[in-house]
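Enquirer: Submitted below is the structure of interest, expressed as structure tokens.
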Amino acid sequence: MRLKHAAAVGVAALGLLVAGAAPSSATSDSSTTKLAGGITIQANAWNCNFWSSACSWATSSKVNKRVTWVKNTAEVSVSSGTISVSVGSGSYNSGSSATRTRSIYWTNTNANISDLRGQVRVKGGLFPTVTTCSYAYLYNSSNGVKGGATACT
């Protein structure tokens with residue numbers, strides 16, 4: 001019985017390899033900046049490492065205290081091909097497929113975090129790599145503190 005089960009598992013694994021499925025993996029980066037008034041801001045960036053047709057990405061800006069606004073700008077780029085980036089609602093998408101880079105941003109005035117996430121797809125190009133950068137900015141009108149942090153995969 002065990003031999004039949006092992007054979008079935010082996011055939012299923014071979015089928016996945018032939019179909020082109022690849023193991024998923026991720027790469028990430030994080031950076032924190034300490035500002036006046038005990039305020040800290042953190043930038044976080046994440047994206048898939050190995051992929052075939054689409055690559056998920058995410059960025060965030062996090063502040064340890066309530067501020068007037070926190071902004072997260074995500075910059076997603078690929079090494080070759082034509083880029084297409086999808087994001088959730090409430091964001092802005094700019095850039096050119098000719099430059100292989102897209103920038104998306106969101107400013108939150110109701111909380112101490114600003115998150116973005118989506119997928120990048122590439123047409124053409126040979127094994128393109130994806131780079132995701134998170135540019136975190138904040139402003140606090142009560143004490144005039146402003147600053148930022150950057151993280152890139």
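The values are calculated or read from the model by the stated rules, or taken from the named source; none is laboratory data. In this text the structure is predicted, and so the values were computed from the model without any measurement. Every residue, glycine among them, receives a Cβ derived from its backbone with ideal geometry; neighbour counts consider all protein chains shown. Surface accessibility is based on the protein's heavy atoms, side chains included, excluding ligands, DNA and RNA. Shrake-Rupley method; radii C 1.70, N 1.55, O 1.52, S 1.80 Å.
Enquirer: Identify, please: which residue in the stretch 106-138 is surrounded by fewer than 16 Cβ atoms within 10 Å (Cβ to Cβ) and not polar (S, T, N, Q) and is, among those, modelled with the highest pLDDT?
Expert: Checked the stretch 106-138; the qualifying residue modelled with the highest pLDDT is I113.
Enquirer: At pLDDT 80 or above and open to solvent by 80 Å² or more (accessible area, probe 1.4 Å) - does that describe any residue in the stretch 90-99?
Expert: Kept after step one, since they are at pLDDT 80 or above, are these residues of the stretch 90-99: none.
For the stretch 90-99, residues at pLDDT 80 or above and open to solvent by 80 Å² or more (accessible area, probe 1.4 Å): absent.
Enquirer: Consider T82 against the criteria (1) open to solvent by 60 Å² or more (accessible area, probe 1.4 Å); (2) β-branched (V, I, T); (3) modelled with pLDDT of 95 or more: it satisfies all of them except one. Which criterion is unmet?
Expert: Tallying (1) open to solvent by 60 Å² or more (accessible area, probe 1.4 Å); (2) β-branched (V, I, T); (3) modelled with pLDDT of 95 or more, T82 fails exactly one: (3).
Enquirer: Any chance the stretch 60-78 includes a residue that's over 30 Å from N108 (Cβ atoms) and either open to solvent by 50 Å² or more (accessible area, probe 1.4 Å) or modelled with pLDDT of 75 or more (or both)? So that I can check it myself, show each step before the final result.
Expert: Start the filter on the stretch 60-78 by keeping residues that are over 30 Å from N108 (Cβ atoms), which leaves none.
Scanning the stretch 60-78 turns up no residue that is over 30 Å from N108 (Cβ atoms) and either open to solvent by 50 Å² or more (accessible area, probe 1.4 Å) or modelled with pLDDT of 75 or more (or both).
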